[in-house]
Amino acid sequence: MPPITKFYFSFIFLCGIFLSSQASSTLKCDSLYASGKYFEASIEYERIIFSVKSQAELRYFQYKKALCYKKLMEFDRALNELQPIYFTNSGDSLFQRVYYEQSLCFYLNGEPTKALWKIDEYLRRSADTASFHVFMPVRLFCLNETFQWDEARECFMRFIQMQNFAPEKEAEMQQMVNNLYKKKNLPPIKSIKRAENWSRFVPGSGQIYAGEAGEGIVNFLINVSVLAFSAHQVYNGFYITGYLAGLGFFNKTYHGGIKRSGILASQKNKELIVNFNSKINASIRSSFELN
């Protein structure tokens with residue numbers, strides 16, 4: 001056999017080994033993922049990422065690795081995998097899926113504004129407007145979390161129109177949405193600034209405004225007690241003790257109470273929005289099940 005022919009046979013043989021090895025690794029990753037072993041699957045996907053040559057393969061396995069992190073509730077790590085993925089062609093089969101996962105992970109990571117920005121970017125870059133319904137639920141929840149009630153109601157209405165319900169069913173759904181977004185049914189959102197200002201003027205009142213009456217009363221009593229102790233020390237001539245021990249401690253409890261009021265108001269808002277979004281999610285599920 002001529003040397004050139006031997007070379008070609010060797011080359012084909014080695015390529016076959018490499019391709020079968022990569023296919024075997026991919027099957028192993030997919031099998032681990034399907035069986036719920038997401039951490040092990042992420043390691044195997046990382047191993048493949050180091051060996052791939054084409055950009056298309058790199059994007060695909062980064063996407064798969066990100067899905068593993070999402071399942072593990074590690075949304076920051078999922079976003080770290082998804083963010084570097086760039087498409088020059090919006091017609092790429094992964095384009096929609098990557099943008100959807102980015103927006104979803106931003107939402108699950110408590111960053112609804114970034115999720116909305118990512119959805120808007122998809123709309124600007126994609127010519128496939130028919131696929132927008134996929135993003136609608138995430139966009140709806142993010143609009144609720146950012147208290148954009150009118151935009152959220154409009155988004156919900158558009159989502160319903162895209163489902164091809166029977167006219168009676170569509171009218172029923174639209175009535176439900178209008179009822180949900182009536183002012184009296186919207187979550188009573190707390191103003192973080194107002195909570196802080198109330199505590200600034202009357203210690204503890206901000207916590208009461210945020211829904212934590214017990215904590216507000218305790219904060220008020222602590223501040224009053226510290227001020228009384230400081231005044232008592234100064235009245236008896238213990239100026240240094242009154243200033244350092246009394247006013248020094250009051251400074252911490254007073255400003256700490258202001259900051260705590262804002263935190264409690266923010267937490268209360270999140271709780272209200274989670275309940276509101278859960279109600280919407282239940283409505284959507286029941287409507288589709290009955291359809």
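Each reported figure results from applying straightforward, stated rules to the coordinates on display, with no laboratory input. Since this is a predicted model, take the numbers as computed values, not measurements. Here Cβ is always computed from backbone atoms with ideal geometry, including for glycine, and neighbour counts include all displayed protein chains.
Details
- Pairwise label distance in nanometres, ILE43 with ASP150, each label 7 Å out on the Cα-Cβ vector: 5.4
- Filtered trypsin sites (Lys or Arg not before Pro), the range 82-182: DSSP coil and at most 12 other beta carbons within 10 Å: LYS182
- Computed per residue of the chain from DSSP H runs no shorter than four, each worth -39500 (n - 2.57), the mean residue ellipticity at 222 nm is -24500 deg cm²/dmol.
- Two-site label geometry, GLU172 and ARG97: point separation in nm, points 7 Å out along Cα→Cβ: 3.5
- Cβ-Cβ FRET estimate between TYR243 and VAL218, R0 fixed at 30 Å, reported to 0.05: 0.75
- Among 204-210, 275-281, the order from most to least packed when residues are scored by Cβ within 10 Å on average: 204-210, 275-281
- Gyration tensor verdict on the range 171-291 (Cα atoms; rounded if a/c is under 1.5, prolate if a/b is larger than b/c, oblate otherwise): prolate
- If the segment from ASP76 to SER225 were pulled out straight at 0.36 nm per residue, it would be longer than the present Cα-Cα gap by 49.2 nm.
- Per residue, the average separation of C-alpha pairs within less than 8 Å and at least 6 apart gives the chain a relative contact order of 10 percent.
- The LYS184 and LYS252 beta-carbon pair, evaluated with R₀ = 45 Å, returns a calculated FRET efficiency of approximately 0.65.
- When each of MET157, MET162 is scored by the number of other beta-carbon atoms lying within 10 Å, the sequence from fewest to most is MET162, MET157.
- Gained length - HIS133 relative to SER266, 0.36 nm times residue gap less alpha-carbon distance: 44.9 nm
- From most to least packed by mean Cβ count within 10 Å, the peptides 37-46, 171-180 give 37-46, 171-180.
- Cα-based helix-to-principal-axis angle, 213-235 vs the chain, degrees rounded to 10: 50
- Here the extension length gained between THR113 and HIS232 equals 37.8 nm, from 0.36 nm per residue of separation less the Cα-Cα distance.
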